[in-house]
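Novice: So that we are looking at the same thing, I have put the structure below in structure tokens.
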Amino acid sequence: MINVHVLNGPNLNLLGRREPQIYGSTTLADIEKLVRDKGEALGLAITFRQSNHEGHLVDWIQEAGAQGAGIVINAGAYTHTSIALRDAIAGSGAPTVEIHLSNVHAREGFRHRSLIAPVSVGVICGFGPTSYLLGLEAVHRVMVERARLPKPSQH
Ligand code: DQA
């Protein structure tokens, strides 16, 4: 069974109350339910987590890599600052899709740069909670495709 870890960074625990004009009224618990329903429809095993602490996210990225899982990550503000998350993703070997609720490119300049995008398979932003579902579908397709490819030769 394909395993996908959906990881959420700082302040996403406040969704629903936090700047609703930007992030909407959907809570993280609502998003978790949408993700679990979509995961079930796609036949995926889902792990869904949130932390405000960078090191927790690093640990969870390493854990996903060790399990051969894929990652969908909304790293929140750490997207724009964290070399540690970037190195964790690169080192884990886990296919990773970066997502955001808001269209970060339509916002302040400091949100236009992502340190994790270069080590991710791709980026989805601007679709609200649907960004999570598109991210799940994207990582699923990448993992199915990779599983079909012949393994590199040992010689
Ligand atoms: C966010 C965008 C980030 O710039 C911001 O720091 C967040 C949320 C989003 O989902 O739109 O915390 O990742």
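Novice: Could you tell me which residue of the range 1-16 is surrounded by the fewest Cβ atoms within 10 Å (Cβ to Cβ), considering only residues that are within 15 Å of the ligand (Cβ to nearest atom) and of a type in the set (S, T, N, Q)? Spell out the reasoning first.
Specialist: Quick first cut of the range 1-16, residues within 15 Å of the ligand (Cβ to nearest atom) only: 6-16.
Those left that are additionally of a type in the set (S, T, N, Q): 8, 11, 13.
On the way: ASN8: 25, ASN11: 14, ASN13: 17.
So, considering only residues that are within 15 Å of the ligand (Cβ to nearest atom) and of a type in the set (S, T, N, Q), the one surrounded by the fewest Cβ atoms within 10 Å (Cβ to Cβ) is ASN11.
For (1) closer than 16 Å to GLY128 by Cβ; (2) in contact (Cβ under 8 Å) with a residue 24 or more places away in the chain; (3) within 15 Å of the ligand (Cβ to nearest atom), each residue gets a yes or a no:
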residue: ARG18; (1), (2), (3): yes, no, yes
residue: ILE31; (1), (2), (3): yes, yes, yes
residue: THR47; (1), (2), (3): no, yes, no
residue: SER102; (1), (2), (3): yes, yes, yes
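Novice: Tell me the helices (runs of 4 or more DSSP H) entirely within the range 48-154 that contain at least 3 residues that are farther than 17 Å from VAL4 by Cβ.
Specialist: 54-67, 83-92
Novice: Among the listed residues HIS53, HIS5, identify the single one that is at pLDDT 95 or above and either under 20 Å from VAL144 (Cβ atoms) or of a type in the set (Phe, Trp, Tyr) (or both). Can you show your working first?
Specialist: Working: HIS53 fails: either under 20 Å from VAL144 (Cβ atoms) or of a type in the set (Phe, Trp, Tyr) (or both).
Within the list HIS53, HIS5, the selection yields HIS5.
Yes/no matrix, rows are residues, columns are (1) β-branched (Val, Ile, Thr); (2) out of contact with any strand residue (DSSP E or B) (no Cβ under 9 Å at 6 or more places or on another chain):
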| site | (1), (2) |
| --- | --- |
| ASP37 | no, yes |
| PHE48 | no, no |
| GLU63 | no, no |
| GLY76 | no, no |
| SER82 | no, yes |
| ARG113 | no, yes |
| VAL121 | yes, no |
| ILE124 | yes, no |
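Novice: Now for a different question. Filtering the range 104-120 down to residues that are surrounded by 15 or more Cβ atoms within 10 Å (Cβ to Cβ) and near the ligand (Cβ under 10 Å from one of its atoms), which residue is farthest from HIS53 (Cα to Cα)?
Specialist: Among those that are surrounded by 15 or more Cβ atoms within 10 Å (Cβ to Cβ) and near the ligand (Cβ under 10 Å from one of its atoms), it is VAL104.
Novice: Considering only residues that are of a type in the set (Ser, Thr, Tyr) and surrounded by fewer than 20 Cβ atoms within 10 Å (Cβ to Cβ), which ones fall in the range 48-81?
Specialist: At the first step, the residues of the range 48-81 found to be of a type in the set (Ser, Thr, Tyr) are 51, 78-79, 81.
Those that are of a type in the set (Ser, Thr, Tyr) and surrounded by fewer than 20 Cβ atoms within 10 Å (Cβ to Cβ): SER51, THR81.
Novice: Could you identify the single residue in ALA64, ALA41 that is under 24 Å from LEU85 (Cα atoms) and among the aliphatic types (A, V, I, L, M)?
Specialist: On the way: ALA41 fails: under 24 Å from LEU85 (Cα atoms).
Among ALA64, ALA41, only ALA64 is under 24 Å from LEU85 (Cα atoms) and among the aliphatic types (A, V, I, L, M).
Novice: Within the range 90-97, is there a residue that is under 24 Å from ASN11 (Cβ atoms), within 14 Å of the ligand (Cβ to nearest atom) and modelled with pLDDT of 95 or more?
Specialist: So far as the range 90-97 goes, yes, one or more of its residues are under 24 Å from ASN11 (Cβ atoms), within 14 Å of the ligand (Cβ to nearest atom) and modelled with pLDDT of 95 or more.
Novice: Can you find even one residue in the range 121-144 that is under 17 Å from ILE83 (Cα atoms), within 14 Å of the ligand (Cβ to nearest atom), within 15 Å of the chain's Cα centre (by Cα) and among the small types (Gly, Ala, Ser)?
Specialist: No, that holds for no residue.
The values are calculated or read from the model by the stated rules, or taken from the named source; none is laboratory data. Predicted, not measured: the structure shown is a model, and the values here were computed from it. Backbone-built Cβ (ideal geometry, glycine too); neighbour counts: all protein chains shown.
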